[in-house]
Amino acid sequence: MSRVVPLETLSERLIKFRKVMEEKQFGAYIVRHDDAHQSEYIAACDERVAYLSGFDGSAGTCVVTPTQALLWTDGRYFLQAQNQFGKEWYLMKDREPNIPTVKDWLLKNAKDVTVGVDPAVTSVASYMDYTKSGLKIAMEEQNLVDAIWDDDKEYPRPKPGSDPVLFLDEKYSGESTLSKLTRVREAMKKQNCNAMLASSLDVIAWTTNLRGSDIEYNPLFMSYLVILQDSCLLFVNSCRFTKDATDAMQKAGVQCRPYEEVFSWLKSNCSSIGKVWLDPNACNMAVYSALGSEAAKYENRLPMVLWKAIKNEVECEGAREAHREDGLAKTRYMYWLEHQLADLKRSDLDEVDVADKLEEFRKKSPNFRGLSFTTISSFGANAAVIHYSPTKGSARSASDKEMYLVDSGGQYWQGTTDVTRTVHLGTPTAAEKDAYTRVLRGHIALAKQKFPVGTVGQALDALARQYLWQGGMDFRHGTGHGVGAYLCVHEGPHNIGPPGRPGIPEPLKPGMIISNEPGYYKDGEFGIRIESLMLVREYMFTFFS
């Protein structure tokens, strides 16, 4: 992916940013790729890392000091970051050997200075981790990137989403909102909690059976949810609700209040609310501070995270139907593409043109709601950029002379899809065929694997890599991620990846949907990835001896 913002503009932004830092007397400042709900994918108005550094990938953390500007991101984005960010920036290859974490770097280089953070985009867990390590963390109410972005006339800050919020009928969700709230309240009783505060947008959307579009490709809406034993408060701009959504919330006993009122409500009720269940990895420090020290807190993952991941029968069948409709669109697309390039020998198409054509085929389904992420449409060397996304003007020409990788997905009423295919519409080289075969063998090995109850994804990861390893190859990303039911294309808590990743591994359970996507990327030449979604199901067998 090419640079979107000129180098000179990025340099000017960094100068302005450091001036604001100096005014606030910060020796360092952390800019996170996060929003107030710790979302992986965020709204355009929250893309602060992209605005400041130029890098617009879905994972990144910046640290700025008076003399240094550093960007941490993972292996999916190493090439993209180097192509996009400003000349003053230095890439910190996260999780690579000898590369310190953000915290460790700050402890070595900024332990004696004040480090600024925005409490609205800093999780409770991150803040506590930083402060316990001895760093001098100061919470500044206004994000310092916003201080310069809000005044930018050339690149004005986008407005928050305002599209309608819809109700997802039970024929798609498989469970009513009231039933889900009843389950939540039963879980609260077991933990002696009087209230639960949900901050994660996908958790709120799943619990309420509502869907929005505040974040591109993700059917989410900005909100907080407070569940009490005898009532439920949804802090959201409810003027955007359709009649069906309004009626459904009234039926479930959900009261809607303005989004911004969550802070004043928590402050007013913190002393009488009783013990509050919240997730420290999802709740931001601004909300946490509003609760104050008076409210007793139970800090743990919310039960809906796992419930959402384990699909019911209606959701499982919906996923199958969504993939049938999506598969038809992709089959038509591949036929069209081969005809255009191999038969008609067209030379006027580029990566953007063919990606747009794929979306056109998807739109033929009456259940199609939109893409589930930006289509990765990459020919030749561009496919080696793991999360490449083409742009008009810099896109590579479509050709039957080199490998083509297309990673795409759709949102349907019934479910969410995410599929990658790599093809060569001409004659591949021996190296390309060898790499493709190794990736395919790993994909098949993982898809066929049976495993005992309690197995985590890390225990299966090597199955997908084994044939690549035998050839001295590997890939710099996880092998599998969960996928939502007309929700986020990346969903936890389960995954398949190498050991040593942050967090506690989640055992794979029947009903979970997870991707299977090994790959191989040869910088400057080609990239290969084969991805399908798998449904974990129970398998019974008998020992005869």
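The values are calculated or read from the model by the stated rules, or taken from the named source; none is laboratory data. Note that the structure is predicted; figures quoted are calculated from it, not measured. Cβ sites come from the backbone with ideal geometry, for glycine too, and all protein chains shown count toward neighbours.
A single entry from 489, 483, 419, 439 fulfils the requirement of being modelled with pLDDT of 95 or more, among the aliphatic types (A, V, I, L, M) and farther than 18 Å from residue 319 by Cβ: 439.
Examine the range 159-175 for a residue that is closer than 28 Å to residue 296 by Cα, under 27 Å from the mean Cα position of the chain (by Cα) and modelled with pLDDT of 95 or more, and state whether such a residue exists. No: zero hits.
Checked across the range 184-195, the condition of being touching a helix residue (DSSP H, G or I) at 6+ places or on another chain (Cβ under 9 Å), surrounded by 12 or more Cβ atoms within 10 Å (Cβ to Cβ) and under 30 Å from residue 51 (Cβ atoms) holds for no residue. Looking at 59, 81, can you tell me which residue is closer than 25 Å to residue 217 by Cα, among the aliphatic types (A, V, I, L, M), modelled with pLDDT under 95 and assigned to a loop (DSSP other than H, G, I, E, B)? Testing whether each residue is closer than 25 Å to residue 217 by Cα, among the aliphatic types (A, V, I, L, M), modelled with pLDDT under 95 and assigned to a loop (DSSP other than H, G, I, E, B) leaves just 59. One residue alone among 128, 188 is more than 25 Å from the chain's Cα centre (by Cα) and not in a loop (DSSP other than H, G, I, E, B), and that residue is 188. Residue count for the range 391-427 under the criterion of being over 29 Å from the mean Cα position of the chain (by Cα) and surrounded by 17 or more Cβ atoms within 10 Å (Cβ to Cβ): the result is 5. Screening residue 202 against (1) in contact with a Cys (Cβ under 8 Å, 6 or more places away or on another chain); (2) surrounded by fewer than 16 Cβ atoms within 10 Å (Cβ to Cβ); (3) part of a helix (DSSP H, G or I) leaves a single unmet condition, (2).
Filtered by the rule that a residue be closer than 14 Å to residue 459 by Cβ and either in contact with an Asp or Glu (Cβ under 8 Å, 6 or more places away or on another chain) or hydroxyl-bearing (Ser, Thr, Tyr) (or both), the range 496-515 gives 496, 497, 498, 499.
The rows are residues; the columns are (1) closer than 20 Å to residue 38 by Cβ; (2) touching a strand residue (DSSP E or B) at 6+ places or on another chain (Cβ under 8 Å).
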{"position": "478", "(1), (2)": "yes, yes"}
{"position": "487", "(1), (2)": "yes, yes"}
{"position": "514", "(1), (2)": "no, yes"}
{"position": "539", "(1), (2)": "no, no"}
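Kindly indicate the residue of the range 284-335 that is aromatic (Phe, Trp, Tyr) and touching a Leu at 6+ places or on another chain (Cβ under 9 Å) and also farthest from residue 511 (Cα to Cα) among those meeting that condition. Among those residues, the one meeting the criterion is 288.
If only residues of the range 269-302 that are hydroxyl-bearing (Ser, Thr, Tyr) and modelled with pLDDT of 95 or more are counted, the one that is surrounded by the most Cβ atoms within 10 Å (Cβ to Cβ) is 288.
Residues in the range 121-148 that are under 20 Å from residue 50 (Cα atoms), surrounded by fewer than 21 Cβ atoms within 10 Å (Cβ to Cβ) and not polar (S, T, N, Q): 146, 147, 148.
Of the residues making up the range 484-508, those that are part of a loop (DSSP other than H, G, I, E, B) and touching a helix residue (DSSP H, G or I) at 6+ places or on another chain (Cβ under 8 Å) are 484, 485, 486, 487, 488, 497, 498, 499, 501, 505, 506, 508.
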